[in-house]
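Presented below is the structure to which this report refers.
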Amino acid sequence: MKSFTPTFRGQDWESGAGALHLYVRPDEADTEFHDLVAACREALDGYPVWCVPDDLVHITVEMDASAPSSDIGAAERTRLITALKGELKHIEPFTVLCGSPLANRAGAVLDTHPDQGLVALRNLTRRALWEARDTSAIAHEGGRGHASLGYAFDSADSDPLQSALRRISPSHAPLTVSRLHLLDVRWTAHPRADGGVRWEMDWDPVAVLPLGTS
């Protein structure tokens, strides 16, 4: 693994800046998911990885890349929320299976499958972003769905970590997707003694958006 640096529109993130994101977040009822995340944190202990705390664990669905969040005013946010509510009526709550845990170049993740539900959810959010913000809001094609477990702040051999993650059992947990969170997400670079930095995220809630018509 290598040190992780977040990006915005293809450029390194400005420390402390924010961007609007759409995330799936686990609920307290997702106990098997939380147990799996806790087991993964034990495996990550000793590695140069900032582990995402429970209240920040998420699956990224989409980001508004049209502008930093500081440039998006209340009227524009209201327009986006209205567009999202209109689109999310077209998808009912669903369940994804999270796992197996994987070490990757940036840290560690829980893979998610099947793909159909999250792909459909992403497509609906993109339609809302195009309607409310224009096509500049989408700056990437999007990858496989995953729940982020932690982000590396230095280089390390990830092979032993992958072996430790593989020993976790059960290695999968269900996660119910019944609502979407619109969040103002910030990344901040924290200096380290060796001259490097450790990037950490936090966020301010903007809106909680239910799926379906019920």
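Run Y23 past the list (1) out of contact with any helix residue (DSSP H, G or I) (no Cβ under 9 Å at 6 or more places or on another chain); (2) not in a strand (DSSP E or B) and report the number of the one that doesn't hold. Of everything listed in (1) out of contact with any helix residue (DSSP H, G or I) (no Cβ under 9 Å at 6 or more places or on another chain); (2) not in a strand (DSSP E or B), Y23 misses just condition (2).
Could you tell me whether any residue of region 184-199 is open to solvent by 30 Å² or more (accessible area, probe 1.4 Å) and within 30 Å of R79 (Cα to Cα)? Checked region 184-199: at least one residue is open to solvent by 30 Å² or more (accessible area, probe 1.4 Å) and within 30 Å of R79 (Cα to Cα). Of L110, L80, all but one fail to be touching a helix residue (DSSP H, G or I) at 6+ places or on another chain (Cβ under 8 Å), more than 30 Å from P160 (Cβ to Cβ) and open to solvent by less than 30 Å² (accessible area, probe 1.4 Å); the exception is L80. Open to solvent by 30 Å² or more (accessible area, probe 1.4 Å), of a type outside the set (D, E) and part of a strand (DSSP E or B), is that true of P160? No; evaluated as a whole, the condition is false for this residue.
Mind listing whichever residues of region 59-90 are within 20 Å of the chain's Cα centre (by Cα) and either in a loop (DSSP other than H, G, I, E, B) or among the hydrophobic types (A, V, I, L, M, F, W, C) (or both)? Once the filter is applied, which keeps residues that are within 20 Å of the chain's Cα centre (by Cα) and either in a loop (DSSP other than H, G, I, E, B) or among the hydrophobic types (A, V, I, L, M, F, W, C) (or both), region 59-90 yields I59, V61, M63, D64, A65, S66, A67, P68, L80, I81, L84, L88. Pairs meeting the criteria (first residue in region 24-48 and closer than 24 Å to R105 by Cα, second residue of a type outside the set (A, V, I, L, M, F, W, C) and part of a loop (DSSP other than H, G, I, E, B), beta carbons under 6 Å, at least 6 apart or on different chains) are R25/H58; F33/P26; P48/D154. I'd like to check something: does region 142-159 contain any residue that is under 27 Å from T82 (Cβ atoms) and of a type outside the set (D, E)? So far as region 142-159 goes, yes, one or more of its residues are under 27 Å from T82 (Cβ atoms) and of a type outside the set (D, E).
So which residues in region 63-77 are open to solvent by 20 Å² or more (accessible area, probe 1.4 Å) and either aliphatic (A, V, I, L, M) or under 13 Å from T7 (Cα atoms) (or both), if there are any at all? The answer is M63, P68, A74, A75. Restrict the check to region 168-178 and report whether at least one residue is closer than 23 Å to R77 by Cβ, out of contact with any Lys or Arg (no Cβ under 8 Å at 6 or more places or on another chain) and not in a loop (DSSP other than H, G, I, E, B). Scanning region 168-178, I find at least one residue that is closer than 23 Å to R77 by Cβ, out of contact with any Lys or Arg (no Cβ under 8 Å at 6 or more places or on another chain) and not in a loop (DSSP other than H, G, I, E, B), so the answer is yes. Answer yes or no as to whether R133 is closer than 17 Å to C51 by Cα, at pLDDT below 95 and not small (G, A, S). Answer is no for this residue.
Of the residues contained in region 165-180, none is found to be open to solvent by 60 Å² or more (accessible area, probe 1.4 Å), at pLDDT below 95, within 30 Å of L88 (Cβ to Cβ) and not small (G, A, S). Determine, yes or no, whether H140 is open to solvent by less than 70 Å² (accessible area, probe 1.4 Å) and in contact (Cβ under 8 Å) with a residue 24 or more places away in the chain. Criteria not met by H140. The set of residues in region 11-41 that are of a type outside the set (A, V, I, L, M, F, W, C), more than 23 Å from P191 (Cα to Cα) and open to solvent by 20 Å² or more (accessible area, probe 1.4 Å) comprises R25, P26, D27, E28, T31, E32, H34, D35. Tallying residues that are touching a Pro at 6+ places or on another chain (Cβ under 7 Å) and either farther than 21 Å from P205 by Cα or modelled with pLDDT under 95 (or both) within region 1-33 yields 2.
The values are calculated or read from the model by the stated rules, or taken from the named source; none is laboratory data. Being a predicted model, the structure only gives us computed values, none of them experimental. Note that we place each Cβ from the backbone using ideal geometry, even for glycine, and neighbour counts take in every protein chain shown. Heads up: the accessible areas ignore ligands, DNA and RNA and are worked out on the full protein's heavy atoms, side chains in. Shrake-Rupley method; radii C 1.70, N 1.55, O 1.52, S 1.80 Å.
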